[in-house]
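The values are calculated or read from the model by the stated rules, or taken from the named source; none is laboratory data. Predicted model only: the values in this text are computed from it and were never measured. Here the Cβ is made from the backbone with ideal geometry for all residues, glycine too, and neighbour counts use every protein chain on show.
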Amino acid sequence: MYVRHDPETGRRRRLTPALAAALCLTLATCIPQESEREARMTLFVGIDVSGSFQNTGHYSDALRFAAHYIYGHLNGLGELEQPAVLFVGSIGGERPGEAKSFHPIHDFQGKTVDEIDADLRAWFQPDDIFTDFNPFFERVATFVKRQNLILKPITVVIISDGVPDVTARRTAAEEDDRYGQINLEPLEFLSRNVTLRLLYPSPQVAVRWEQDVERRRVRMWTVDAEAMRGWRGQITPGLHVDQQERLWTWIEENVDFRVRRRLL
């Protein structure tokens, strides 16, 4: 039996099935659907343009993956979260501490995977001398504060071999401590949810990031180069990119894995 409370009489009144159905439909239309929910995530993608990354042999594959990753997120394919804000920039420089510009979301919207791939290859030539991650993290923090993106979920994706190289010559002590010099402090209090994802390092470098890079609130997830090679195997030949469900599921489960905050 369908009943409702009458505020004027204080009594409960019986509803007809038709009226109950209409009421349920009205309530359902008031609840925002998944596709209509406001995009909240802020996504930064950093691409290592140092010659050392290119020498690993993974650079071209990494750019092709980045094009798919950006396209998939922008279009919310599979279960990938659509970002409200996207910036893509380079990591590297002709001198230590060199800051680089970011390409905003508008440079990628409405483009195909091939068009995004072509743009990335034109913008990010792998010929820089140094790999200094700290200026990139500082630049991310500047953009977040300047555009009032604080407190929104932030994801920072680093596409790199992960090897910091900020000086031409290093002592043995500097060589051993260079991962400890990576500074995530600018990212620590930008949001309650900041996730750093490092793609394409060697397994040994991935471990150094996980163990030696100091962090408190920042969540970290690494996917080594050998594991990243698996993304191409998820593509079904002849199927339109928007319908590549296996690929989008692979990205969600392997790259966009939800990381818990590190226990202190």
**OP:** Could you tell me which of the residues 256, 224 is of a type in the set (Asp, Glu) and under 21 Å from residue 164 (Cβ atoms)?
**Re:** 224
**OP:** Any chance you could count how many residues in region 196-208 are touching a strand residue (DSSP E or B) at 6+ places or on another chain (Cβ under 7 Å) and over 13 Å from residue 137 (Cβ atoms)?
**Re:** 5
**OP:** For residues that are modelled with pLDDT under 80 and not charged (D, E, K, R), tally how many sit in region 149-177.
**Re:** 6
Original post:
Is there a residue in region 190-201 that is free of Cβ contacts under 8 Å to residues at least 40 places away in the same chain and more than 19 Å from residue 46 (Cα to Cα)?
Top reply: no
**OP:** Kindly indicate which of 65, 136, 143 is assigned to a helix (DSSP H, G or I), in contact with a helix residue (DSSP H, G or I) (Cβ under 9 Å, 6 or more places away or on another chain) and closer than 30 Å to residue 192 by Cα.
**Re:** 65
**OP:** Would you check which residues across region 195-227 are more than 22 Å from residue 61 (Cβ to Cβ) and among the polar types (S, T, N, Q) and list them?
**Re:** 195, 211
Original post:
Given the structure, is residue 106 at pLDDT 95 or above and either surrounded by 15 or more Cβ atoms within 10 Å (Cβ to Cβ) or of a type in the set (Lys, Arg) (or both)?
Top reply: no
**OP:** Sort through 249, 195, 236 and tell me the only one that's in the same structural domain as residue 143 (by TED's automatic domain parsing), surrounded by 14 or more Cβ atoms within 10 Å (Cβ to Cβ) and out of contact with any Ser or Thr (no Cβ under 9 Å at 6 or more places or on another chain).
**Re:** 249
**OP:** Would you be able to tell me the number of residues in region 205-264 that are of a type outside the set (A, V, I, L, M, F, W, C) and over 25 Å from residue 185 (Cβ atoms)?
**Re:** 20
**OP:** Go through region 146-167 residue by residue and tally those that are of a type outside the set (S, T, N, Q), outside any strand (DSSP E or B) and within 25 Å of residue 257 (Cβ to Cβ).
**Re:** 9
